[in-house]
1. Pull out all pairs, ordered by first then second residue, where Cβ-Cβ is under 6 Å, the residues are six or more apart or on different chains, the first lies in segment 280-302 and is in a loop (DSSP other than H, G, I, E, B), and the second is aliphatic (A, V, I, L, M).
2. Every residue in segment 208-264 that is open to solvent by less than 10 Å² (accessible area, probe 1.4 Å) and without any contact (Cβ under 8 Å) to a residue 24 or more places away in the chain, please.
3. Quickly run through segment 139-166 and pick out the residues that are out of contact with any strand residue (DSSP E or B) (no Cβ under 8 Å at 6 or more places or on another chain) and touching a residue at least 60 places away in the same chain (Cβ under 8 Å).
4. Can you tell me which residues in segment 243-274 are at positive phi and modelled with pLDDT of 65 or more?
5. State all residues of segment 105-150 that are in contact with a Phe, Trp or Tyr (Cβ under 8 Å, 6 or more places away or on another chain) and among the small types (Gly, Ala, Ser); if no residue qualifies, say none.
6. State which residue pairs qualify: first residue of a type in the set (A, V, I, L, M, F, W, C) and open to solvent by 20 Å² or more (accessible area, probe 1.4 Å) and inside segment 310-336, second residue modelled with pLDDT of 90 or more and not in a strand (DSSP E or B) in any location, beta carbons under 7 Å apart, and separation of 6 or more residues or different chains.
7. Which numbered condition in (1) loosely packed, with under 15 Cβ neighbours inside 10 Å; (2) at pLDDT below 90; (3) assigned to a loop (DSSP other than H, G, I, E, B) is the only one that Ser26 fails?
8. Looking only at residues in segment 71-82 that are at negative phi and not in a helix (DSSP H, G or I), which one is most open to solvent (accessible area, probe 1.4 Å)?
Amino acid sequence: MQLSSPQGPAEPAERTADVQTDSQTSSRRVCVIANPGSGRRDPSLFQQIEDTLCGDASSTGLPSCEVRAVEKGMALDKLARQAVDDGFDVVAAAGGDGTIGAVASAIFDARKGAKPLPHLGIIPLGTFNYVARSLNIPLDDPAAAARVLLTSPPRAFSIGEVNGRVFLNNASLGAYPAILDQREGIYKRWGRSRMAAYWSVIRALSTLGTPLSMGIEVDGSRIRKTSSLAFVAKSAYQIDEFDLPGADEVRKDRFALFVAPDAGRFGLILRAIRLAGRTARLGRDMEMIYGRDVTITTRQKHRLMARDGEKETMTSPFRFRLHPDVLQVVAPPASDPQPAPEGSA
């Protein structure tokens, strides 16, 4: 399903990150925000990253390189903002997609300041690493990923934003935030496992409350929907991994908004099973709306929102915006992305 209409009023101009040329890569000042709480928790990985960056720095005359680990009681987003304020050329995230999102948010929030924006760097240490896979950044070799920060040119990196908060893969209302809420408690009690993840889905969907009554505006066109799930996809790579339509539209810098038909709890569980098995289909299991400017209004003023696997309470209306050229990411030249591990979600 497509809604089409004239574009809305133009947004105020935003500053974009300056693009460095290849001749400038040897003089980059790099700061890595390292998150020990990510999927791979081996402390020696951070030492590998520091040895690679700072070893190369001493041989190439790099003015500065630092690895700043997130310690207990320290806010990751505050550490990332400090690195941006300190004027590094590249601020990199060593962790999973949540860590990458926090660093991207710090750069995005600095876009109205006077200083040039740093480039975003990525050293994947998470479980699924959707962002790194889509950018062909080395997955199982932190040292190789660190070398990318010194040798690869930056390129435009599109990000999503909902009510001022950045997301890189997806953001959603309804069933998926409820699943994350259940999963958090189940993981604390029983530990992380695929079985625990599946049980959190069944538990959340079997206890889900009434469906969302939503007013949806896409690029100026309005509709009303009643559904247990509104899922705004920003990552073409993730859509392809689940064999869903919409990836081509996302590559054109549009959101793909998936809305599940209101079919009761049993129907929602069945659709979740089909999605996990890569057998979900448009029309039968979901509707898709695509556009660049999406606003969802719910009757309940405060709703739980999931962004890239993290959840927080946000206030309706929920305004989703694409920013295709505010950030630059340091990554290898574009080619076929790397496959995700079996069972990723």
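1. Arg292/Leu322
2. Across segment 208-264, the qualifying residues are Ile239, Ala247.
3. Taking segment 139-166 first, the residues out of contact with any strand residue (DSSP E or B) (no Cβ under 8 Å at 6 or more places or on another chain) are 140-141, 143-144, 147, 151, 164.
Within segment 139-166, Ala143, Arg147, Thr151 meet the criteria.
4. Start the filter on segment 243-274 by keeping residues that are at positive phi, which leaves 243, 246, 253, 264.
Asp243, Gly246, Asp253 - these are the residues of segment 243-274 that are at positive phi and modelled with pLDDT of 65 or more.
5. Answer for segment 105-150, where residues must be in contact with a Phe, Trp or Tyr (Cβ under 8 Å, 6 or more places away or on another chain) and among the small types (Gly, Ala, Ser): just Ser134.
6. Hits for this filter: Leu322/Asp253; Leu322/Arg292.
7. All conditions pass for Ser26, except number (3).
8. Going through segment 71-82, the residues at negative phi turn out to be 71-72, 74-82.
If we keep only those that are not in a helix (DSSP H, G or I) too, we end up with 71-72, 74-75.
Working: Glu71: 116, Lys72: 209, Met74: 78, Ala75: 46 Å².
Only one residue tops the list, namely Lys72.
The values are calculated or read from the model by the stated rules, or taken from the named source; none is laboratory data. Keep in mind the model is a prediction, meaning the values are calculated, not measured. All Cβ positions, glycine included, derive from the backbone under ideal geometry; neighbour counts span all protein chains shown. Just the protein is used for accessible areas: all its heavy atoms, side chains included, with ligands, DNA and RNA removed. Shrake-Rupley method; radii C 1.70, N 1.55, O 1.52, S 1.80 Å.
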